[in-house]
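Let me begin by presenting the structure, written as structure tokens, before commenting on it.
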Amino acid sequence: MPDFDLVIVGAGIVGCACALEAARAGLRVVIVERGVVGGGTTAAGMGHVVVMDDSPAQLALTAYSRSLWRTMAPELPGGVEYESRGTLWIAADDEEMAEVFSKQTTYAQAGIASQVLDPRELAEAEPYLRSGLAGALLVPDDGVLYPPVAAEYFLCEARRLGVVFLSDHEVVRCGKGRIQFANGTSIESERILLASGASIDLLPSLPIQKRKGHLLITDRYPGVVSHQLVELGYLKSAHKLTADSVAFNIQPRLTGQLLIGSSRQYGDESREINHAILRSMLERAIEYMPCLKGLSGIRVWTGHRAATADKLPLIGPTADPTLFLAMGFEGLGITNAPGAAVLAIDALLGRASIIDAAPYLPSRIQQEAVHA
Amino acid sequence: MPDQQIVIHVNGSPISVPAGSMLSAALLMASAPCRISTTGEPRTALCGMGICLECRAIVNGVPHTRTCQTVCQEGMRVETQS
Amino acid sequence: MKPADVLVIGAGPAGLAAATAASRNGCRVAMLDDNPAAGGQIWRADITRPHDEDPARAAAIADFHTSGAALLPGRRIVDVPSPSTLLAEAGGHFETYRWDRLILATGARERFLPFPGWTLPGVFGAGGLQALVKGGYPVAGKRIVVAGTGPLLLAVAAHLREYGASIVTVVEQASTLQMLPFAASLLRSPGKLLQGAGYRRTLGATPYQTGCWPISGQGDETLRSVTLTNGRRTWTVECDLLACGFHLVPNTELAQLLGCTLQGSFVQVDSQQQTSVAGIYCAGEPTGIAGVDAAQVQGEIAGLAAADCSPPPTRLLARRAKEAAFGRRLTHAFRLRPEVLKLASQETIVCRCEDVTFSQLQTRSNWTDAKLHTRCGMGPCQGRICGSATEALFGWQLTSVRAPLFPIPVSAFCDESSSLNAPSAR
Ligand SMILES: Cc1cc2nc3c(=O)[nH]c(=O)nc-3n(C[C@H](O)[C@H](O)[C@H](O)COP(=O)(O)OP(=O)(O)OC[C@H]3O[C@@H](n4cnc5c(N)ncnc54)[C@H](O)[C@@H]3O)c2cc1C
Ligand SMILES: Cc1cc2nc3c(=O)[nH]c(=O)nc-3n(C[C@H](O)[C@H](O)[C@H](O)COP(=O)(O)OP(=O)(O)OC[C@H]3O[C@@H](n4cnc5c(N)ncnc54)[C@H](O)[C@@H]3O)c2cc1C
Ligand code: FES
């Protein structure tokens, strides 16, 4: 093995984005993956590139990352299926409509374009939604993409810059400047970046919990849905940290297929489909869009998000000076991969970041624990 | 039963088929593809037993209907799906 | 004690035998099949000849009916919503089934191997064309090439000829030498030989060329000719249709969704046909491709076991062993030659649902990799066609079976009456 400045563990979209960023910074990088590129949660998620405003830090990272996606968009290969579809945050009632206006204010302050739609404009934008909805907030610059190919694109670009990729290499131990593979071999490096998604086997003390989600994909129905549609009730349900929840969330794919979500569940690490959750998720979707009933569903699957208590990722150094993290992206890892990669490599090289990196530092969690 | 003929419409044109015929067979009789593939190729039934999904067509307005599993009914409208 | 409820999935020879045996031994039996009538693939009902019954089919169906078992046709199992329920689609609505004992007799499908031109209209599976003809597609006067491998080719050619087709040739990729042990085994089992001899008679002077295979199909909008080879020489024959299949692959998806262990490509069963899941039995092609007689005897054993009549009578065990040996010879005789795995050119489509070409797949390392990065197997057939092709071509194993087993309307997942109109969870 040649010498490497950096070993990245995990070739999900985050690890791959980090590999590219590190290569651009001139580092000699090896990225190791137990399966195939983009085969973890990256293969299970929706690929909605979205600005979210749960907290100022979440807004900052998603807005920054979305701007990076938009800059990249013209160069992305066709297989990434990047489309600037825009998000419609749908308000079912007046209470949610109030949310639409406050969201618009928040976005405006952050320089994010958005537009309030009244019920008639909403019906024009998405004729298959049920009638009687209160309105929506259109965020036109949000996008949609196909995550596994996006991850592979980052990896290919990184490899063109000399990054080495090892697939089918499971890491069983990492830290103190060394990673060890299941086959007994190891690599030494002064810097290790852990980007293993929702798997925390390598560092079981990490404050990350698996949050399971279900998705259903339909056959091709071009033109039925034009924007990524998300109910605002989502804010009430999806961000509760304890209970299981479902929300109407539907994504039009470039193929004409519809991806229907979404559910959130703690404490279920299995890959099996939970039919009760699936049922309430689809009932919710049908409630918003009755025509979904008759569409042909071809596959249902599940995936695990990596959730932290404050819903922000863990990016940066750890107590082990050789070990850095880029994990804990919950439902936003596709969106945040490019921004997180910049922050992670900045932290690694001691560079200043374009946005404040403090809210994402892993040390914040320990500090809270200490001060609690 | 097989002697009785019924009329269905394939891409707008009426054709007469024996009652009980499978829709996939009727499409073949009309020389109409079931669907146009994602890269634009015309396709017809392959497996005849509901497995390959090549025989999907629009039946009475419903897309993705497996014509090899659908029996022709008088007046049915079938269209090649693209 | 209440009689055990036995549910049989698949109404082919294996399912019919299983249902009959279980019902005769005191169980309440229901048999589901996705076709409108019982018979499975080999005994598929023919709409153009409703009275023209195969005597073996007639006997099996008569036995089934006198046993008191119930047939529920037109029902396709699409999901396993809980370990003890099955969801079936029946003409657009959905039903759930429970059981005490479950017998899977889901049969097999054809294996397709990609070659240039195999996606042209006019190219069908061999069993596929047979099924379409039984469904009313007239082939009288059509010039048809039958190609691929397996005993099915002759059966299909004979059948097509009865319907007035002109069989240009039947080409079998296996060499005569490779098939010799199989011919010998036909001599040992006169029943099977009769069937084969019958085919030969019907076929008359139709050329049956062994050691030959198709290398491409030509035509613009539809097939016009097929190019064949014997490895030394290639030649082109004009034709209207090509019926081409490369033997059979088992339908194991339902068993997999139920958590049954596979052994290689087949469902693992014990001496009583019980799978790794207690109370779930499997019979016929999902446990090994061995033909109609094996399917029937395995079905009977499974039916008896489900009715707690163990151990199975030695005469059945002996027949099963004999048929298993026949199956092994069959597999050996019709094993694929390496050349037929190399027919695809760079541009040949391998995944027909998503139009993924051979060149796109060549650089991928396994099924998951191919699927995620090329969309191979992501279409509505869920890898049933391209998965068995890539298994043969590249040695890839399909990774997971997921609900639904076949595309179904989104509402099917909600249709359980208890929850259909319930307010949705927030
Ligand atoms: C249902 C669902 C919907 C979602 N929708 C969206 C959305 O619309 N927008 C959005 O932005 N995000 C969404 N997400 C979240 C997003 O998918 C994830 O945040 C993102 O994929 C995380 O990427 P990652 O690279 O961190 O993790 P992963 O993709 O899981 O990558 C980690 C990699 O590390 C490898 N690995 C782990 N352990 C080891 C080891 N010991 N040795 C070697 N390799 C190892 C794994 O094999 C894996 O490939 C969704 C998630 C789910 C589940
Ligand atoms: C297309 C085809 C044509 C054939 N033609 C011949 C021939 O002409 N001569 C010959 O000797 N052999 C033929 N065979 C081989 C023959 O089928 C087997 O040797 C024998 O019939 C095995 O019986 P079985 O009961 O295991 O399977 P099958 O006869 O295949 O019966 C299985 C039944 O289960 C049904 N089924 C499967 N999955 C589900 C589900 N999820 N829900 C509900 N129902 C389901 C199927 O539709 C089918 O009716 C053919 C096989 C195929 C695949
Ligand atoms: S022809 Fe294969 S599914 Fe209809």
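The values are calculated or read from the model by the stated rules, or taken from the named source; none is laboratory data. All figures in this text were calculated on a predicted structure; none of them were measured in a lab. Here the Cβ positions follow ideal geometry from the backbone for every residue, glycine too, while neighbour counts run over all protein chains shown. Heavy atoms of the whole protein, side chains included, go into the accessibility calculation; ligands, DNA and RNA do not. Shrake-Rupley method; radii C 1.70, N 1.55, O 1.52, S 1.80 Å.
Annotations
- Per chain C, cysteines lacking a partner by the 4.7 Å Cβ criterion: C:Cys27, C:Cys212, C:Cys239, C:Cys244, C:Cys260, C:Cys282, C:Cys309, C:Cys353, C:Cys381, C:Cys414
- Inter-chain shielding of B:57-69 (mean C-beta neighbours from other protein chains, 10 Å cut-off): 3
- Accessible area buried between chains C and B, both sides summed, probe 1.4 Å, in Å² to nearest 100: 2800
- When the Gaussian network model of chain A links Cα atoms closer than 10 Å, the mean-square fluctuations of A:Arg211, A:Arg70, A:Arg305 top out at A:Arg70.
- Candidates C:Ala294, C:Ala21, C:Ala403: whichever shows maximal mean-square fluctuation once chain C is modelled as a Gaussian network with Cα springs under 10 Å: C:Ala403
- Whole-number accessible area per residue in Å² for segment C:344-394, which is evaluated in the context of all protein chains at 1.4 Å: 27
- From helices alone, chain A scores -9500 deg cm²/dmol at 222 nm; the rule is -39500 (n - 2.57) for each run of n ≥ 4 DSSP H residues, then divide by the residue total.
- Of all DSSP beta bridges confined to chain C, the antiparallel ones make up roughly 50%.
- Peptides ranked, highest mean first, by Cβ atoms within 10 Å: ranges A:8-15, A:341-348: A:8-15, A:341-348
- Averaged over C:396-404, number of beta-carbon atoms from partner chains that fall within 10 Å: 3
- Computed 3J(HN,Hα) for segment B:27-33, one whole-Hz value per residue from the Karplus formula 6.51 cos²θ - 1.76 cosθ + 1.60 where θ = phi - 60°, is 4, 5, 4, 7, 6, 9, x, glycine and proline marked x.
- Top positive-direction residue, dipole computed over chain C with Cβ charges, set C:Met179, C:Leu304, C:Leu316: C:Met179
- Degrees between helix A:56-72 axis and first principal axis of chain A (Cα, 0 to 90, nearest 10): 90
- Given A:Lys212/A:Lys311; C:Lys134/C:Lys322; A:Lys212/A:Lys293; A:Lys103/A:Lys311; C:Lys342/C:Lys371, the pairs whose alpha carbons are separated by over 26 Å: C:Lys134/C:Lys322
- Springs between Cα atoms under 10 Å define the GNM used for chain C, and in it the highest mean-square fluctuation of C:Gly279, C:Gly264, C:Gly40 occurs at C:Gly264.
- C:Lys342 sits with roughly 150 Å² accessible to a 1.4 Å probe, with DNA, RNA and ligands left out of the calculation.
- Amide H partners (placed H, <5 Å) of C:Ser216, local residues excluded: C:Thr227
- Across segment C:131-147, rounded Karplus estimates of 3J(HN,Hα) from the backbone phi angles (6.51 cos²θ - 1.76 cosθ + 1.60, θ = phi - 60°) give 5, 5, 5, 5, x, x, 7, x, 10, 4, x, 7, 8, 10, 9, 10, 8 Hz, Gly and Pro being marked x.
- Sequence-distant aspartates and glutamates (8 or more away, or on other chains) whose Cα lies within less than 14 Å of C:Lys142: C:Glu162, C:Glu238, C:Asp240
- Taking every C-alpha pair closer than 8 Å and separated by at least 6 residues, the mean separation divided by the residue count of chain C gives a relative contact order of 19 percent.
- Accessible area buried between chains C and A, both sides summed, probe 1.4 Å, in Å² to nearest 100: 3200
- Built amide H within the under 5 Å cut-off of C:Asp79, gap 5+: C:Leu87, C:Leu405
- Per residue, the average separation of C-alpha pairs within less than 8 Å and at least 6 apart gives segment B:5-79 a relative contact order of 38 percent.
- Surface share of carbon and sulfur [accessible, 1.4 angstrom probe, percent] for the protein assembly as shown: 53
- Helix content alone sets the calculated 222 nm mean residue ellipticity of chain C: runs of n ≥ 4 DSSP H residues at -39500 (n - 2.57) each, divided across all residues, give -10000 deg cm²/dmol.
- By DSSP, the beta bridges lying fully in chain A are antiparallel in about 70 percent of cases.
- Average beta-carbon neighbours from other chains, 10 Å sphere, peptide A:288-294: 3
- The overall shape of segment C:344-394 is rounded: from the C-alpha gyration tensor, with semi-axes ordered a ≥ b ≥ c, the ratio a/c is less than 1.5.
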